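> What follows is a structure written as structure tokens; I'll ask about it next.
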Amino acid sequence: MSANEPVRIEFADPEAMRALCGGQSENLKILARKLSVSVGQRGNALILTGPKASTDFASRVVNELYQLIVRGYRLYPEDIDQAVKALKSNSDVDLASIFLDAVFVSNRRRSISPKGVAQKRYVEAIRRHDIVFGIGPAGTGKTYLAMAMAASALAEKRVKRLILTRPAVEAGEKLGFLPGDLAEKINPYLRPLYDALHDMMDAEKVAALMEKGVIEVAPLAFMRGRTLNDAFIILDEAQNTTPEQMKMFLTRLGFGSKAVVTGDITQVDLPGGQLSGLVAVREILRDVDGLCFCQFSQADVIRHPLVQEIVHAYELWDAAKKTASQADAEAAGSGPDAHSAAAAQ
């Protein structure tokens, strides 16, 4: 076979084939861009053209994605990027073991599952350990997957309560005095938790469970003095806790409970340069058995394909500005004044 000889892949299931291609062949365009190959469609076959190493890898990606669809998985465009990342990072990875690990089925009938190796390890850690720390940048699914695991535990009656909390710290903006009673004042800080919760359960069901006290969304300060038994507790934005607050939270854990702590140590909003409790806890508890630290990186960020393009465009723009600034600085340094200064020396 020559270096760029086309590779033909036949598919037996026309419906699965259409799902693989996506509306207006959107998925094929993403595959071509991510895999550096040309992807064409002829009937129930895909034609891959490019260097042999690229078409070999593309063939594996395409076949594994097709098998996911045949087994009932609904493929989204953003899944393709994660599948490529997973297979590139570890050739032994089986996509089915990641994407078909249904954590929870949301109120929209969408199955929530890991989207990459890091998320799969995170989910497994939550299953095995009573305390798990998910640390990494925004967009890696730390809070969302923890929420799905909590909703699943509640639905299956493995816990009796779901408690969601975060510190009430302003993220770089001074909001001033907020109107209303205490609940109305703290709700803006807790809104992201409500959003994730409503993405998984009907709003009416959430309201009913909150009224019964089965689901509780509260600022971290409300956790002091409590012992939480038979509960699934999520502490979000934990980088904005102090070491004392982190200790207070972790010692609330009671029998039959599980806690997940999430945060991004690069986005600390504590005033006065205070030490983050999430930074300190990694050092303090590093030798303690029974808990797990899961680290996410920028490579684990999951974005809508259009957002990826926007981020890439901004990166190019920033790089061009930096290059232009350097060129201006060099030109200024070699101008007439610079020559005069050199002559004077």
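> Search the range 42-67 for residues being assigned to a strand (DSSP E or B) and either of a type in the set (Val, Ile, Thr) or more than 19 Å from residue 18 (Cβ to Cβ) (or both), and hand back the single one that is most open to solvent (accessible area, probe 1.4 Å).
49
Every residue, every condition in (1) modelled with pLDDT of 70 or more; (2) more than 34 Å from the chain's Cα centre (by Cα); (3) open to solvent by less than 80 Å² (accessible area, probe 1.4 Å), yes or no:
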site: 311; (1), (2), (3): no, no, yes
site: 317; (1), (2), (3): yes, no, no
site: 332; (1), (2), (3): yes, yes, yes
site: 337; (1), (2), (3): no, yes, no
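> Output yes when any residue across the range 132-151 is under 22 Å from residue 23 (Cβ atoms) and of a type outside the set (Phe, Trp, Tyr), and no when none is.
no
> Can I ask one more? Residue check, residue 227 against (1) closer than 17 Å to residue 161 by Cα; (2) hydroxyl-bearing (Ser, Thr, Tyr); (3) modelled with pLDDT of 95 or more, all met but one. Which one?
(3)
> Search the range 240-257 for residues that are closer than 22 Å to residue 159 by Cβ and pair each with any residue that is surrounded by 19 or more Cβ atoms within 10 Å (Cβ to Cβ) and polar (S, T, N, Q) when their beta-carbon atoms are under 8 Å apart and the residues are at least 6 apart or on different chains.
So the pair list comes out as 249/165; 249/241.
> Here is a further query. Scan the range 68-82 and tell me whether some residue there is at negative phi, touching a strand residue (DSSP E or B) at 6+ places or on another chain (Cβ under 7 Å) and either open to solvent by 70 Å² or more (accessible area, probe 1.4 Å) or assigned to a helix (DSSP H, G or I) (or both).
No; the residues of the range 68-82 include none that is at negative phi, touching a strand residue (DSSP E or B) at 6+ places or on another chain (Cβ under 7 Å) and either open to solvent by 70 Å² or more (accessible area, probe 1.4 Å) or assigned to a helix (DSSP H, G or I) (or both).
> Among 303, 282, which is surrounded by fewer than 19 Cβ atoms within 10 Å (Cβ to Cβ) and part of a loop (DSSP other than H, G, I, E, B)?
303
> Return yes or no: is residue 191 among the basic types (Lys, Arg) and within 20 Å of the chain's Cα centre (by Cα)?
Criteria met by residue 191.
> For the range 5-40, enumerate the residues that are over 31 Å from the mean Cα position of the chain (by Cα) and surrounded by 14 or more Cβ atoms within 10 Å (Cβ to Cβ).
Step one: filter the range 5-40 for residues over 31 Å from the mean Cα position of the chain (by Cα), giving 5-14, 40.
The answer is 6, 7, 9, 11, 40.
The values are calculated or read from the model by the stated rules, or taken from the named source; none is laboratory data. Because the structure is a prediction, the values reported are computed rather than measured. Here Cβ is always computed from backbone atoms with ideal geometry, including for glycine, and neighbour counts include all displayed protein chains. Ligands, DNA and RNA are excluded from the accessible area calculation, which covers all protein heavy atoms including side chains. Shrake-Rupley method; radii C 1.70, N 1.55, O 1.52, S 1.80 Å.
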